[in-house]
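To start, the structure under review is shown below, and the notes come after it.
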Amino acid sequence: MDYLLSLDEMLRRFDGDRDALNEVIQVFLEECPKLVSEVRAAVVAKDAGRLDRSAHTLKGAASNFSAQAAALALELEGMGRSGDLRGAGEAFMALEAQVSEIVPALATLAAQPVEG
């Protein structure tokens, strides 16, 4: 699962609070399809402003769990901000592939019993 941050790193971001981490994972799992859909729509419409905003939102959400997904969202955000959308389709496909890896892994992680 090198596409995800380690559990230790995720917990560090949540001050060791596994319940809080699980809550944020659940929110991410609920919101992620909408966020990805919003980025996709912006890429398809070639709407730079919308891409900037939607990729920024997805970047923030993904950064808790995956450096790679956050980096790909940052790339798309930069494209939107600059107005240069060349390569946005390819970048989105890479982001979508990364998200398709992290979503089931996070669902599995959140389903594991909290020790302690």
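No lab work stands behind these numbers, since they all come straight from the coordinates. If you're wondering where the values come from, they're calculated on a predicted model, not measured in any experiment. Don't worry about glycine lacking a Cβ; one is built from the backbone with ideal geometry, like all the others, and counts go over all protein chains shown.
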**Message:** Return the residues of the range 22-52 that are farther than 20 Å from L74 by Cβ and touching a residue at least 60 places away in the same chain (Cβ under 8 Å); say none if nothing qualifies.
**Reply:** N22, I25, Q26, L29
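Every residue, every condition in (1) more than 30 Å from E115 (Cα to Cα); (2) β-branched (V, I, T), yes or no:
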{"residue": "L4", "(1), (2)": "no, no"}
{"residue": "R13", "(1), (2)": "no, no"}
{"residue": "E30", "(1), (2)": "no, no"}
{"residue": "R40", "(1), (2)": "yes, no"}
{"residue": "V44", "(1), (2)": "yes, yes"}
{"residue": "A69", "(1), (2)": "no, no"}
{"residue": "L76", "(1), (2)": "yes, no"}
**Prompt:** Using beta carbons and a limit of 7 Å, which pairs, at least six apart or on different chains, have the first residue in the range 91-114 and touching a residue at least 60 places away in the same chain (Cβ under 8 Å) and within 18 Å of A67 (Cα to Cα) and the second one polar (S, T, N, Q) and assigned to a helix (DSSP H, G or I)?
**Reply:** Q98/Q68
**Complete:** Those residues of the range 66-90 which are under 15 Å from L7 (Cα atoms) and either touching a helix residue (DSSP H, G or I) at 6+ places or on another chain (Cβ under 6 Å) or free of Cβ contacts under 8 Å to residues at least 12 places away in the same chain (or both) amount to S66
**Item:** Residue count, the range 48-63 (criterion: polar (S, T, N, Q) and surrounded by fewer than 19 Cβ atoms within 10 Å (Cβ to Cβ))
**Value:** 2
**Complete:** Counted residues in the range 7-51 being part of a loop (DSSP other than H, G, I, E, B) and touching a helix residue (DSSP H, G or I) at 6+ places or on another chain (Cβ under 9 Å) come to 4
**Asked** With respect to K59, is the statement that it is charged (D, E, K, R) and closer than 25 Å to L11 by Cα true?
**Response** yes
